Amino acid sequence: MTDALRLPYVSVPATVEPVISMVDVGMTYPNGKVALVDVNVSIPEGDFVFLVGPSGAGKSTFIRLLIREQLPTAGRVVVAGRDLSTMRRSQVPALRRRIGIVFQDFRLLPAKTVYENVAFALEVTGATGAEIRKRVPRLLSLVGLHEHDEHLPAQLSGGEQQRTAIARALVHDPAMLIADEPTGNLDPVTSWDLIQLLIQINSMGTTVLMATHNQEIVNAMRRRVLALEHGTLVRDESGAAYEREY
Amino acid sequence: MRLLRFIAFSVVRAWQGFWRNAMMSLAATSTVVLMLVLLSGLLIVLAGLDSGLQYIESKVGVTARLRDNLPQPQLDALLVDIRALPGVSNAEYISPDAALNRLKDFYREQGQTLDLGGAPISLYASVEISLTDPNYAESVQNALSERPEVERITTRQVDYAKLLSIIGYVRTVGIVALGLVGLTVLFMIVNMIRIAVYSRSGEIEIMRLVGASDSFIRWPFILEGILCGVIGAVVTIILVAVAWEPIKPIMVRVFQMPTAVSTEFLAVLSAVILGVGLGVGALGSWISVRANLSSAA
């Protein structure tokens with residue numbers, strides 16, 4: 001990576017601890033495909049960051065490294081103060097409770113109701129019935145689905161399904177919410193509703209990293225933008241648009 | 001409390017998983033039952049044969065039929081000589097009267113009366129020789145055959161050797177058959193869990209993403225395999241218990257030994273069935289979880 005591409009982290013106040021830190025991170029798959037090259041990123045707690053780039057640019061690999069679904073072949077990834085390369089396998093579940101994640105395709109369990117989908121995330125981590133009964137209604141209220149708690153995913157609109165997925169992602173009060181193309185299957189109006197929800201969650205202190213192709217939203221929001229091309233971080237700019245403006 | 005919640009979660013999920021793929025689960029359970037029924041049959045037959053072996057070992061090894069009207073000093077000398085032979089633990093003189101009384105007792109045990117129609121009858125006198133080991137029968141037989149007091153010698157060594165060979169044969173064939181059925185059972189359980197893992201790959205992926213530990217993900221599947229083995233074992237125990245009463249008289253008739261069909265034996269057999277069912281279920285699901293779970297999501 002050239003020095004010209006190492007851009008200043010203008011949005012990062014020096015006093016705020018980074019919740020995500022990537023240092024010289026490279027990722028080459030066993031088949032020889034190079035997914036990331038020499039990526040350096042620091043994201044402070046409470047930031048709202050867009051991750052943009054064309055398909056195949058390395059956005060999915062970037063996210064997989066953050067949730068330790070894969071380990072980098074070079075460099076260090078530190079999330080919430082933990083170096084993921086030296087983390088033991090048994091410590092990964094605790095890390096993932098610090099990170100909420102939502103996907104373009106929602107990934108809800110079709111046979112479970114809205115309430116059960118959210119409760120499931122607590123149940124499988126050993127939460128008590130009392131905790132579940134206390135937390136789930138609160139989260140469903142936050143995402144505006146408290147009146148749909150008995151509905152199955154198939155009975156919901158795309159936006160409502162994505163809200164359910166967000167409620168599920170927030171069950172453990174994560175430090176960070178990663179949204180991988182959350183508006184990819186939604187119409188423009190619903191997409192904006194969802195963005196409002198993410199802004200609300202971010203305003204409560206949760207760091208939000210959103211991978212997207214939606215230029216309209218990125219341009220309107222004017223937040224920090226990380227742009228990947230061919231696995232290289234070509235832009236890291238605050239208050240930026242989807243495309244380079246200079 | 002967390003452990004209890006984990007156990008409750010795993011058991012409930014295993015139970016739900018078992019019935020979610022009911023056809024596959026019931027097919028695997030049926031093979032477990034088949035294997036355990038075979039195992040039970042083998043153990044019952046082997047126990048009967050072992051009882052027969054013990055019976056033969058405990059009975060007279062060699063019987064020497066004596067010439068009529070032996071003088072007492074000659075008889076005493078013969079008994080002293082027999083007791084001095086290597087491998088002889090005891091030698092008992094059975095007089096013709098004692099032999100007749102035994103015959104009458106035998107008839108009485110069968111619910112009959114020995115009716116000689118008033119005819120005078122005299123049985124042979126004999127010496128019943130117990131051996132420390134049935135393998136001494138041949139040397140004792142050779143020693144007695146040179147004695148003029150002895151008219152004829154009978155031995156049970158042939159029965160003993162034959163029974164030993166039958167037991168060995170049954171055991172070998174049984175173990176090979178059990179091994180083959182056992183492998184089939186393992187294959188069925190491994191496959192059942194593999195299908196369960198793939199049918200729930202969405203759930204597993206979500207569990208991983210929301211921070212469920214490996215034990216929360218794996219144990220429900222292992223318990224599902226154990227459940228399959230235990231249900232198979234319980235069904236087999238019920239089948240054996242139901243068949244027990246009809247089996248008993250057959251066992252007594254074939255093996256001549258009621259101890260082979262004692263209640264204690266049934267309890268041990270049930271424990272073995274349960275242990276093997278549980279073990280094979282756990283092993284099959286453990287193999288499957290190790291092979292399939294890491295790649296499923």
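Any read-out appearing in this document is the output of simple, stated calculations on the displayed coordinates, not a laboratory observation. The structure displayed is predicted, hence computed values, not measured ones. Positions of Cβ are backbone-derived with ideal geometry, glycine not excepted, and every protein chain shown enters the neighbour counts.
Values computed for the structure shown
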read-out: Residue order, fewest to most surrounding Cβ atoms within 10 angstrom, among B:273, B:121; value: B:121, B:273
read-out: Relative contact order computed over segment A:110-173 (Cα-Cα under 8 Å; 6+ residues apart), in percent; value: 50
read-out: Gain upon complete extension [residue A:112, residue A:203; 0.36 nm per residue less C-alpha separation]; value: 29.7 nm
read-out: Cα pair distances of chain A binned at 10 Å [whole percent]; value: 7, 31, 36, 21, 5, 0
read-out: In degrees, nearest ten, helix B:2-20 long axis to first principal axis of chain B (Cα); value: 80
read-out: Mean Cα-pair separation over length for chain A, i.e. relative contact order, pairs under 8 Å, 6 or more apart, %; value: 29
read-out: For segment B:177-198 versus segment B:88-106, the gap between their alpha-carbon centres in whole angstrom; value: 58
read-out: Alpha carbon centroid spacing (whole Å) that separates segment B:208-224 from segment B:260-292; value: 24
read-out: Selected from B:26, B:78, B:123 as most flexible by GNM, with chain B as the system and alpha-carbon contacts under 10 Å; value: B:123
read-out: Estimated vicinal HN-Hα couplings, Hz - segment A:189-202 in sequence order (Karplus 6.51, -1.76, 1.60; Gly, Pro = x); value: 5, 5, 4, 5, 4, 5, 4, 4, 5, 5, 5, 4, 5, 5
read-out: Expected 222 nm ellipticity per residue - DSSP helices of 4 or more, -39500 (n - 2.57), all of chain A, to 500; value: -9000 deg cm²/dmol
read-out: Near-label residues of segment B:112-140 by backbone N, under 16 Å of a point 7 Å along Cα→Cβ of residue B:97; value: B:121-126
read-out: Charge dipole (the protein assembly as shown, unit charges on Cβ, about Cα centre) - positive-most of B:96, A:176, A:71; value: A:176
read-out: Evaluated at q = 0.11, 0.12, 0.19, 0.28 Å⁻¹: base-10 log I(q)/I(0), Debye formula over Cα of segment A:110-173; value: -0.20, -0.23, -0.59, -1.26
read-out: Mean-position separation - Cα centroids, segment A:35-73 and segment A:181-218, in angstrom; value: 17
read-out: Neighbour cut-off at most 16 other Cβ (10 Å), DSSP loop, trypsin sites (Lys or Arg not before Pro), segment A:136-187; value: none
read-out: Net charge, residue B:221 excluded, C-beta distance under 10 Å - Lys, Arg +1, Asp, Glu -1; value: +3
read-out: Computed [θ] at 222 nm, helices only, for chain B once each DSSP H run of length n ≥ 4 contributes -39500 (n - 2.57); value: -26000 deg cm²/dmol
read-out: Whichever lysines have a C-alpha closer than 26 Å to that of residue A:134, once near sequence neighbours (fewer than 8 apart) are set aside; value: A:112
read-out: Contact order normalised by residue count of chain B, Cα under 8 Å, 6+ apart, percent; value: 31
read-out: Estimated vicinal HN-Hα couplings, Hz - segment A:97-102 in sequence order (Karplus 6.51, -1.76, 1.60; Gly, Pro = x); value: 6, 8, 10, x, 9, 10
read-out: Charge sum, other residues only, whose C-beta stays under 13 Å from residue B:82's C-beta, Lys/Arg counted +1 and Asp/Glu -1; value: -4
read-out: Sequence-distant residues sharing a close amide H with residue B:66 (under 5 Å, placed H); value: B:125, B:126, B:127, B:151
read-out: Hydrodynamic radius of the protein assembly as shown per Kirkwood, over alpha carbon pairs, in Å; value: 30.2
read-out: Hits among lysines - C-alpha to C-alpha of residue B:162 under 18 Å, sequence gap 8 or more where chains match; value: B:59
read-out: Integer Hz, Karplus 6.51/-1.76/1.60 couplings in order for segment B:46-53, x for Gly and Pro; value: 5, 5, x, 5, 4, 4, x, 5
read-out: Semi-axes of the equivalent ellipsoid for segment B:60-155, Cα gyration tensor, largest first, Å; value: 27, 16, 10
